[in-house]
Amino acid sequence: MEQTKRTFSGAPWEKVVGYCRAIRKGNTIAVTGTTSINEDGSVFSIGNPYEQAKRCLTIIEKAILPLGATRKDIIRTRMFVTDISKWQEFGRAHGEFFAGYPPATTMVEVKALIDSNLLIEIEADAILNETQINS
């Protein structure tokens, strides 16, 4: 039987909304929309698109490591941003993080995120290879 594994980040919304940070089923990992928050739940680097994007990606990587994946296994990201005119700053953080193994990605502007100080939310999908699945 295929086992389902989950990771949680402790974000204040996880319990309220009823979701996990990342879930692995077989060789597939899905990471929920991830925002730029500190360990205490406050917004990280208010007003800084580049730093907020980096923080999201760091949280995503932390969520997939216990599930057997690394950033190299991420095949797709989706970036939801509140100001598309800042696309270069968001994109620079994404490009640096995935240097050498870029995933497919989408960046779209949204009206708002759950906190008005959040500038970006990122989802990610990863696929494990046969060696990773059996380890």
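Every number in this text was worked out from the coordinates using simple rules, so none of it is lab data. Predicted, not measured: the structure shown is a model, and the values here were computed from it. Heads up, the Cβs are rebuilt from the backbone with ideal geometry, glycines too, and the neighbour counts pull from every protein chain shown.
For this structure, a couple of remarks:
- Assessment of segment 55-63 against the conditions (small (Gly, Ala, Ser) and out of contact with any Lys or Arg (no Cβ under 6 Å at 6 or more places or on another chain)) yields no matching residue.
- Residues located in segment 30-62, provided they are farther than 17 Å from residue 99 by Cα, out of contact with any strand residue (DSSP E or B) (no Cβ under 9 Å at 6 or more places or on another chain) and either of a type in the set (S, T, N, Q) or free of Cβ contacts under 8 Å to residues at least 24 places away in the same chain (or both): 38, 40, 42, 45, 48
- Any chance residue 75 is more than 11 Å from the chain's Cα centre (by Cα), closer than 26 Å to residue 5 by Cα and buried (at least 20 other Cβ atoms within 10 Å of the Cβ): no
- Selection within segment 103-128 - over 14 Å from the mean Cα position of the chain (by Cα) and either in a strand (DSSP E or B) or basic (Lys, Arg) (or both): 108, 109, 111, 127
- Note on segment 31-55: among residues that are outside any helix (DSSP H, G or I) and of a type in the set (A, V, I, L, M, F, W, C), the one that is surrounded by the fewest Cβ atoms within 10 Å (Cβ to Cβ) is 46.
- Members of segment 15-30 that are closer than 29 Å to residue 129 by Cβ and among the charged types (D, E, K, R): 21, 24, 25
- Inside segment 63-81, residues that are in a helix (DSSP H, G or I) and touching a strand residue (DSSP E or B) at 6+ places or on another chain (Cβ under 8 Å) make up a count of 5.
- For segment 86-104, the criterion of being more than 17 Å from residue 12 (Cα to Cα), touching a strand residue (DSSP E or B) at 6+ places or on another chain (Cβ under 7 Å) and surrounded by fewer than 16 Cβ atoms within 10 Å (Cβ to Cβ) is satisfied by at least one residue.
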